[in-house]
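This report concerns only the one structure given below.
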Amino acid sequence: MNTMTRWDQPRGWSSLLQGQVNRLLEDNFTRDRSGHADLATWAPAVDIYETESELVVKADLPDLQEKDIDVRVENNTLTIRGERKFEKEVNEDNYLRVERAYGSFMRGFSLPNTVKAEGIRAEYRNGALTVRMAKREESKAKQVKISVSANGK
């Protein structure tokens with residue numbers, strides 16, 4: 001019979017390893033002379049799912065205005081563009097830490113042929129963009145009735 005034994009690493013190793021990982025991640029961000037991380041590169045998180053009648057794309061776009069978001073469909077590609085601007089209300093010297101990314105972004109997604117280009121709606125609410133794309137009728141699942149006979153005829 002095999003038994004499992006729990007292995008506990010020595011206490012000092014955990015904090016040493018965590019410190020090294022933190023330094024590695026921080027060093028991978030390009031920093032300007034003021035020590036701030038590069039604020040120009042970001043890609044908003046996106047969920048894509050489908051229902052029986054549509055394909056849905058949800059993107060997290062906090063702190064954007066509707067006018068700063070551009071949604072287009074061209075050549076079976078959904079493109080979401082925008083820009084999150086750095087807040088100038090607070091003096092830059094007063095920031096102690098800046099982790100959120102700012103600047104322009106663009107996300108592009110290839111669409112299946114089952115989507116109707118003319119049946120696309122976009123809504124922006126509470127920092128989330130939802131794009132709903134209707135499916136073509138011929139691509140929707142259809143149920144086929146089966147007739148059953150009692151004596152195999």
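None of the figures in this text is laboratory data; all of them are computed from the coordinates on show. Just so it is clear, the structure is predicted and the values come from calculations on it, not from any experiment. Heads up, the Cβs are rebuilt from the backbone with ideal geometry, glycines too, and the neighbour counts pull from every protein chain shown.
3J(HN,Hα) along the stretch 79-94, derived from phi through the Karplus expression 6.51 cos²θ - 1.76 cosθ + 1.60 where θ = phi - 60°, amounts to 10, 10, 10, x, 8, 10, 8, 5, 5, 9, 5, 9, 4, 4, 5, 7 Hz, with x in place of Gly and Pro. The amide H of VAL98, built 1.01 Å from its N in the peptide plane, has ALA37 as neighbours under 5 Å, considering only residues 5 or more places off or on other chains.
Taking amide H as placed 1.01 Å from N in the peptide plane, THR41 has its amide H under 5 Å from the amide H of TYR102, each at least 5 places away in sequence or on another chain.
Residue by residue, the stretch 117-133 carries 3J(HN,Hα) couplings of 4, 7, x, 10, 10, 10, 9, 10, 8, 6, x, 10, 9, 10, 10, 10, 10 Hz when phi is fed to the Karplus relation 6.51 cos²θ - 1.76 cosθ + 1.60 (θ = phi - 60°); x denotes Gly or Pro. Bridging of LYS145 to lysines at a Cα separation below 25 Å is possible for LYS135, LYS153, once same-chain residues fewer than 8 apart are set aside.
When THR114, THR41 are sorted by how many other C-beta atoms sit within 10 angstrom of their C-beta, beginning with the fewest, the order is THR41, THR114. Taking the fewest neighbouring Cβ atoms within 10 Å as the starting point, the ordered list for VAL131, VAL56 is VAL56, VAL131.
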